[in-house]
Amino acid sequence: MEPGQLHELKRRAAELRLHVVRMMGAGKAHHFGGSLSSADIVTALYFYKMRYDPQNPAWPDRDRFIMSKGHCVPAQYAALAMLGVIPLEELPTLKELGSRLQGHPAAHLVPGIEGCTGSLGQGLSFANGMALAARIQKRNYQVYCLLGDGETQEGQVWEAAMTASKQCLGNLTAIIDGNGLKAMDEPSCAKLMEPMAQKWAAFGWYVREIDGHDMDQICQALDWAEENADAPSMIIAHTVKGKGISFIEGRPEFHNAPLTEEQLQKAIAELEANLRELEEDGR
């Protein structure tokens, strides 16, 4: 990848985080933590890897993205708005009564949303179906599914994992946003999921672990996954919950919480400063 392209992806990720926080606003509970931890991954998918036409989000040969941890859909809304699929001006209507932009993905309302998710554990099964449909319809699209690390405690995830490897779904890539926190504590407080990489490998998946905030590593991993044509691929991305905002990073209480107006302005100031720094470095 050219250095200029990599820098632009970093700049877009910084812009996406800013849109996420601005759309959430003050005084209303939102899923800040996971939306921010997944921002770099979502940016790499939409602005680097996925074959996607913003002018025709229903294009039959598009690559598909399933946000299995549906409560983090604000990151996806921001990407779709940056691409022009939905208006940027619509983002602040998030979770308002009557808005298309609900707190979990609503495929029947929002163009570019591929599935109604958020009941955790179901997204990978949905992605399996899409990957199988590509084979049946003789289409060449890829399917990407983003899961939370806490979400992998759901039994359906592992049923889907077995199905994907049994069906040799080489056009399926799953990504775990491994930010190490759930709503109130670490995933290990409920069920011990480690060693995660070995588990997925034992289920017949190709597995790669990366720094989920290193844009170069993310893009390389997505390229690597597309080369694995005979089995599904799992990218375990180690991330920081609330990435980009100093007083939110690594704190489970901001999983789904409101910000005061003062906190909101502080968060926006930090994100704007980071975006300005990246824009100045690119000149």
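Quick notes
- For Ser165, the shell of other residues with beta-carbons less than 14 Å away shows a net charge of 0, using +1 for Lys and Arg and -1 for Asp and Glu.
- For Ala257, the residues whose modelled amide H falls within less than 5 Å of its own, excluding neighbours fewer than 5 places apart on the same chain, are His30, Phe32.
- Remark: relative contact order (the chain) = 25 percent; criterion is Cα-Cα distance under 8 angstrom and separation of 6 or more residues.
- Taken about its Cα centre, the range 3-281 carries a charge dipole of roughly 840 debye when the Cβ of each Lys and Arg holds +1 and the Cβ of each Asp and Glu holds -1.
- Rg in Å to one decimal, and Dmax rounded to a whole Å, for the range 1-98 via C-alpha atoms: 13.6, 44
- Helical segments meeting 24 Å axial Cα length and Kyte-Doolittle -0.5 threshold in the chain (DSSP H): 3-24
- Equivalent ellipsoid semi-axes, the range 21-169, via Cα gyration tensor eigenvalues times 5, rooted, Å: 25, 19, 12
- In terms of overall dimensions, the C-alpha atoms belonging to the range 84-211 reach 45, 44, 26 Å along their principal axes, ordered largest to smallest.
- Amide H contacts for Ile236 (H built 1.01 Å from N in the peptide plane; partners 5 or more residues away or on another chain; cut-off under 5 Å): Ile176, Arg208, Glu209, Ile210.
- Percent antiparallel among DSSP beta bridges (both partners in the chain, rounded to 5): 5
- Overall dimensions of the range 147-283, expressed as equivalent-ellipsoid semi-axes from the Cα gyration tensor (√(5λ), whole Å, largest first), are 32, 21, 10.
- Per principal axis, descending, Cα span of the chain in whole Å: 52, 44, 42
- Per-residue [θ]222 nm for the chain (sum of -39500 (n - 2.57) over DSSP H runs n ≥ 4, rounded to 500): -12500 deg cm²/dmol
Only the coordinates and a few stated rules stand behind these numbers; no lab work does. Note that this is a predicted model, so its numbers are computed, not measured. With ideal geometry, Cβ positions are generated from the backbone for all residues, glycine too; neighbour counts draw on all protein chains shown.
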